[in-house]
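Novice: To start, I am sharing the structure in question, which I have written as structure tokens.
What follows is calculated from the coordinates using simple rules that are stated; it is not laboratory data. Being a predicted model, the structure only gives us computed values, none of them experimental. A quick note on method: Cβ atoms are made from the backbone with ideal geometry, for glycine too, and the neighbour counts reach across all protein chains shown.
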Amino acid sequence: MEDTNFEIPSFHFEDAGLDFSTPVVSPSGSLTRFGGPWRGGQTTPEPGASAPDSIPLLYTITWKLQLRKGRITKLTEDTIEDIELAPGAYWNEVLQSELAILVQSKLPEPRYQPDETSITVSNSKRGERPFQKRFNKLLIDWTVIESKLRFWRNEGNNLKVAISFIYKEAQAAKDGKTGRGATKKHTAALNNLVAQQEASGHRPVWRDVYQLMECVSAACTNRGFSCWRNNEKHYKLDSDIMDRLVDFAKEGNKLDTHADVPQRIRDVICTRTEEAEARRLRKRKASDSLPVTVRVLCHGHRDGALAECSGEGQSVELDITVPKDQAPVQYSHWLSARVDNQRWRDAYTLAGKVAVDKGYDLRWLFTHQKLGRDMLIENGVLEGIAATFVSEILDWTRDS
């Protein structure tokens, strides 16, 4: 019989690189820690495996809650440093619940809802462009973000993840008929005020007042907004006037028809309408005004007199203290000294030479900028340089 005795080699768990913890798997299928130390010990790479898996993933998250209401407004911002969990796992275990609590206190449903989530991943490597990704509402594909972090973490960079959770005000339907010109802002303001009124336990007079004053006339330019109708005339109402009307109704006063609007509020409405009309007239007159006169003082004018001409720009005074035939050359030197590009410098020099050779002084170039620019371009001056040459003459006179 053969000798069946054999020696079983000793086995030491500490030498095998094993721990007895169970790695956590994120919904995306990735482990909650990327390489580096797990919750129970240190990973050991396979023979021939590369070392990057032994590099721990540490990154910083800065997340903001923002509200899109015309423009985006930041409501809160928090920073969490030295995170080892993968972003997907951190979202599931920590961030999602924190966001829900914050939204409930700052932007309660159903008046607000998620609009989009914007994520930017960046590192400390100089010249490396940040990685940006936008997701609809809170439907975030964390595998995309995790892949970028894995790639950059192998280079030993400081990693940052900036997350913007952007919410918007929900457009709730109003009771009654709404004009096609009604805006989201008007609808949202009404629903917001009604919700505040109902939450306070009082009769919702906000809704009654807004429905009374809502303009549904197809012939009115304010259709969909709030209007006070006095006979055949419509007066558009701003939020301040509406607040006054609501306060009037809350005091128990009758406000069932437009004839019930008190005289003191009528006076305010008329005054603001007149002021708005006056502003419109001033803007119209300003846009219809003729070109203004530009007064130019050049060296060599008899008795230092002012030469006047019709100008394209604002009413200014050019104080040129050098002879007219030398001013274009000195002006071109001033422009050249402000740039480093040699081609631009040569173009400025050419513009000054063309102006002198063709007999155009700076006064004429400044007051006839379009003609002057076209003349310079026709004589070989770069288009952009020609535009600058005729437009910055005033700056030169003030600087020289």
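Novice: At 0.36 nm per residue, minus the direct Cα-Cα distance, what do K137 and Q330 gain on full extension? Give it in nm, one decimal, please.
Specialist: Once the chain is fully extended between K137 and Q330, it gains 63.5 nm.
Novice: Shifting gears a bit: Go ahead and run the numbers for FRET between S124 and R338, Cβ-Cβ distance against an R0 of 45 Å, rounding to 0.05.
Specialist: After rounding to 0.05, the efficiency reads 0.80.
Novice: How would you rank T120, T367, going from fewest to most other Cβ atoms within 10 Å of each one's own Cβ?
Specialist: The most exposed by this proxy come first: T120, T367.
Novice: Within 10 Å of each residue's Cβ, count the other Cβ atoms and sort E77, E116 from fewest upward.
Specialist: Ordered by Cβ neighbours within 10 Å, fewest first: E77, E116.
Novice: Beyond 18 Å between alpha-carbons counts as too far, so tell me which of K233/K254; K106/K168; K69/K283; K106/K250 fall in that bin.
Specialist: Details: K233/K254 22 Å; K106/K168 12 Å; K69/K283 28 Å; K106/K250 27 Å.
Among K233/K254; K106/K168; K69/K283; K106/K250, the Cα-Cα distance tops 18 Å for K233/K254; K69/K283; K106/K250.
Novice: If each of F151 and I72 carries a label point 7 Å out from its Cα toward its Cβ, how far apart are those two points in nm?
Specialist: A separation of 2.2 nm, rounded to one decimal place.
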